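What follows is a short report on a single structure.
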C-alpha cells in the first residue's frame, strides 16, 4: 500500500517535456504557453464550480466573496483586485512574477467572472457535494498543469 502512495512524497514540481526551463522567460514555447493557459482555465473553472456548488470554497475565494459582499464588486473583479494587491506585497519579498503569474491573475479572474453565469446551481445536497468534488478535482488538475508549465507561480503560490 505504501508504494501506491509514493506520489505523496513528491516535494518539487515535476519537469515535463513541455515545461519551461526558466520560469522568468518572456517568450516561452507555444506548447508551454498552451499548457499554462489550459491549466489556468481549468483552475478557474474548478473554482467556479465550487462557488456554484454553494457548500464551500477555497480560502482565496472566501476572501473574494467577503470583498464582494463589502463592495458589491463581482467575484471575478474581487479575485482580480486581491491578486493584484498580493502581487504588490511581493515587492518587499523580492519575488519576481513571471508571465504565468500575470496570466494567472487575468485568466482565473476572467473564467470565474464569465463561467458562473452559465453554471447551474442546485439545492439538492447530493448534487452540491458532487459539484464540490468535481470543482476540487478540476482545480487540482488545473493547478498541477499550470505549475508544471514553470512560467512563474500565481499570487496564491508565491
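Details
- Residue 71 falls short on exactly one of the conditions (1) surrounded by 13 or more Cβ atoms within 10 Å (Cβ to Cβ); (2) at pLDDT 90 or above; (3) farther than 18 Å from residue 146 by Cβ, and that condition is (1).
- Taken as a whole, the structure leaves residue 104 outside the set of residues that are in a helix (DSSP H, G or I) and free of Cβ contacts under 8 Å to residues at least 12 places away in the same chain.
- Pick from the range 113-137, criterion in contact with a helix residue (DSSP H, G or I) (Cβ under 6 Å, 6 or more places away or on another chain) and closer than 25 Å to residue 72 by Cβ, ranking: surrounded by the most Cβ atoms within 10 Å (Cβ to Cβ): 135
- Filtered residue count, the range 113-158, keeping only those that are closer than 20 Å to residue 33 by Cα and either outside any loop (DSSP other than H, G, I, E, B) or over 11 Å from the mean Cα position of the chain (by Cα) (or both): 16
- Selection from the range 17-68 of residues that are part of a helix (DSSP H, G or I), over 19 Å from residue 140 (Cα atoms) and out of contact with any helix residue (DSSP H, G or I) (no Cβ under 7 Å at 6 or more places or on another chain): 30, 31, 66
The values are calculated or read from the model by the stated rules, or taken from the named source; none is laboratory data. None of the values given here were measured: they were computed from a predicted structure. Here the Cβ is made from the backbone with ideal geometry for all residues, glycine too, and neighbour counts use every protein chain on show.
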